[in-house]
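Shown next, in structure tokens, is the structure this report addresses.
The values are calculated or read from the model by the stated rules, or taken from the named source; none is laboratory data. As the structure is a computational prediction, the values presented were derived from the model and not from experiment. Cβ sites come from the backbone with ideal geometry, for glycine too, and all protein chains shown count toward neighbours.
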Amino acid sequence: MWRRRGTRSAVMIVCTAISVVALAGCYGAKGGSAESKRDYIRKITSQTLADLYKEKPVVRARLEKAAGYAVFSNLNLKIFVLGSGQGYGMAVDNASKKETFMRMAEVGGGWAWGDRRSGRS
């Protein structure tokens, strides 16, 4: 009896890992061409900065004095002990105003838990 449960658990973990990787692969910037994806990233970057400046106006001055800044959209998924994440965004050099577009991916393992009542994890 124990062996069957162990086999089922192993199969479940493998299926979960495959699902995590598959779901993370579906997440990416909207649009077909590279330029339309860049336009979409610029749009979410400016919206994110506008929301940030509205919430914390002091940040605008700090970002203007900084060497640069980056804004990323990231999706993380963790099931049991397996996790993955994928995202995209851009970094801006304040001196030259050069934009660098990036994609990111991560894979991890280990237990995760948090205290939802306090908002900390």
Within the group D93, D51, which residue is closer than 25 Å to E35 by Cα, of a type in the set (D, E) and either at pLDDT below 90 or loosely packed, with under 12 Cβ neighbours inside 10 Å (or both)?
-> D51
Cβ pairs under 8 Å, 6+ apart or interchain, first in region 56-71 and outside any loop (DSSP other than H, G, I, E, B), second among the acidic types (D, E), ordered by first then second residue, are G68/D93
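Could you grab me the full set of residues in region 90-112 that are assigned to a strand (DSSP E or B) and either of a type in the set (A, V, I, L, M) or on the phi > 0 side of the Ramachandran plot (or both)?
Our first condition is that a residue be assigned to a strand (DSSP E or B); within region 90-112, this holds for 90-93, 99-109.
Correct list: M90, A91, V92, M102, M104, A105, V107.
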